[in-house]
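The values are calculated or read from the model by the stated rules, or taken from the named source; none is laboratory data. Everything quoted here is computed from the prediction, not taken from an experiment. Virtual Cβ from ideal backbone geometry, glycine too; neighbours counted across all protein chains shown. Note: areas computed on protein heavy atoms with side chains; ligands, DNA, RNA excluded. Shrake-Rupley method; radii C 1.70, N 1.55, O 1.52, S 1.80 Å.
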Amino acid sequence: MRESAQLVSKTLGMLAKEIKPGVSTLHLDNLGGEFIRDHGGEPAFLGMYGFPKNLCISPNAEVVHGIPNEKPLEEGDILSVDCGVYMNGFYGDHAYSFGVGNIAPETEKLLKVTKESLYKGIEQCVRGKRVGDISNAIQTYCEAHGYGVVRELVGHGLGRKMHEDPQVPNYGRKGSGKVLKDGIVLAIEPMVNLGTEKVKFHSDGWTVTSKDNSPSAHFEHDVCIIAGKPVLLSTYRYIYEALGIVSDEEKPFTMDF
């Protein structure tokens, strides 16, 4: 599973260099699909439940499941890129939200807080805790900053299927839900809006936007509980290398394989 997750990570790292004003999301989708195949994987989203493209690419008010198209990106946009890989019988699935050029300070803060909330959730992936502890940590952190935490869309278990039990909401009560055990793999993915938590489902059957059209951020990691503690199978390292970002945020959750 780590190999599948790492190929997602490398794909996002490759795309990080390509995300700039004037580039279309369809171009990014084509690059991502080609990269995945060239490295021995299959784009997991293509054809899944009938999805028509390789990646889910969601700009600005789109929360998730955006369908890549020919519209060029503009300075100040934000862009969630959600990528899935199927390889060696297992799935990898994670996401990162990028700024396109210079973005507004309030939007930059939304991205920062949403990513920080992801790690707040990961910290709760400890043997003997419950799914609700993850959910509550994400919700509490984001709502303390005044953001809307999306209710209708959730994280999930991951393995030989893309979506496995348990579901991992980004809101909930401490001490509720499934007990966490060694060996479980979760795709934890806060989806957070600058405004209302309410969303709109569009007639194309895929696109989901914030109901008030406020910007939305989405970050996702694949996490396995090993020896009672959370271990990342995915990484943002390749993105950070591409963008020249220095970060030690993943250090508490890494191990040698």
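Assigned to a loop (DSSP other than H, G, I, E, B) and crowded, with 21+ Cβ neighbours inside 10 Å - does that describe any residue in segment 139-150?
yes
Return a yes/no flag: does segment 3-16 have any residue that is closer than 20 Å to Ile103 by Cβ, surrounded by fewer than 20 Cβ atoms within 10 Å (Cβ to Cβ) and out of contact with any Lys or Arg (no Cβ under 9 Å at 6 or more places or on another chain).
yes
Quick one: Tyr171 ticks every box in (1) assigned to a loop (DSSP other than H, G, I, E, B); (2) in contact with an Asp or Glu (Cβ under 7 Å, 6 or more places away or on another chain); (3) not acidic (Asp, Glu) except a single one, so which number is it?
Failing condition for Tyr171: (2).
What tally of residues in segment 23-77 results from selecting those that are part of a loop (DSSP other than H, G, I, E, B) and of a type in the set (A, V, I, L, M)?
So in segment 23-77, the residues part of a loop (DSSP other than H, G, I, E, B) come out as 23, 39-41, 44-47, 51-55, 60-61, 65-71, 73-77.
Restricting the remaining residues to those that are of a type in the set (A, V, I, L, M) gives 23, 44, 46, 55, 61, 67, 73.
Here the count works out to 7.
Considering every residue within segment 197-220, establish whether at least one is among the hydrophobic types (A, V, I, L, M, F, W, C), part of a loop (DSSP other than H, G, I, E, B) and farther than 27 Å from Ala16 by Cα. Let's see the steps before the verdict.
Going through segment 197-220, the residues among the hydrophobic types (A, V, I, L, M, F, W, C) turn out to be 199, 201, 206, 208, 217, 219.
Now drop any that are not part of a loop (DSSP other than H, G, I, E, B), which leaves 206, 219.
So of that shortlist, the ones also farther than 27 Å from Ala16 by Cα come out as none.
For segment 197-220, residues among the hydrophobic types (A, V, I, L, M, F, W, C), part of a loop (DSSP other than H, G, I, E, B) and farther than 27 Å from Ala16 by Cα: absent.
Looking at segment 179-189, is at least one residue open to solvent by less than 20 Å² (accessible area, probe 1.4 Å) and either part of a loop (DSSP other than H, G, I, E, B) or acidic (Asp, Glu) (or both)?
Yes, segment 179-189 contains a residue that is open to solvent by less than 20 Å² (accessible area, probe 1.4 Å) and either part of a loop (DSSP other than H, G, I, E, B) or acidic (Asp, Glu) (or both).
Which of (1) polar (S, T, N, Q); (2) surrounded by fewer than 13 Cβ atoms within 10 Å (Cβ to Cβ); (3) under 16 Å from the mean Cα position of the chain (by Cα) does Ser247 not meet, given it meets every other one?
(3)
Starting from residues that are open to solvent by 30 Å² or more (accessible area, probe 1.4 Å) and closer than 26 Å to Lys198 by Cβ, keep the ones in segment 54-75 and report whichever is nearest to the chain's Cα centre (by Cα).
Of everything passing the filter in segment 54-75, His65 is nearest to the chain's Cα centre (by Cα).
Out of all the residues in segment 122-136, which are crowded, with 20+ Cβ neighbours inside 10 Å and in contact with an Asp or Glu (Cβ under 7 Å, 6 or more places away or on another chain)?
Within segment 122-136, just Gln124 meets the criteria.
Mind checking which residues of segment 221-243 are in a strand (DSSP E or B) and under 14 Å from Lys115 (Cβ atoms)?
His221, Leu232
Report every pair of residues separated by at least 6 positions or lying on different chains whose Cβ atoms are under 8 Å apart, first residue within segment 159-179 and under 18 Å from His94 (Cβ atoms), second part of a loop (DSSP other than H, G, I, E, B) and aliphatic (A, V, I, L, M).
Pairs found: Gly159/Met1; Met162/Ala44; Glu164/Leu158; Gln167/Val154; Val168/Val154; Pro169/Val154; Asn170/Val150; Asn170/Val154.
For segment 101-121, which residues satisfy the criterion of being under 21 Å from Lys251 (Cβ atoms) and crowded, with 23+ Cβ neighbours inside 10 Å? Walk me through how you get there before you give the answer.
Filtering segment 101-121 for residues under 21 Å from Lys251 (Cβ atoms) gives 111-121.
Listed by number, the residues that qualify are Thr114, Ser117, Leu118, Gly121.
Test Tyr91 against the stated conditions and say whether it is assigned to a strand (DSSP E or B), aromatic (Phe, Trp, Tyr) and at pLDDT 95 or above.
yes
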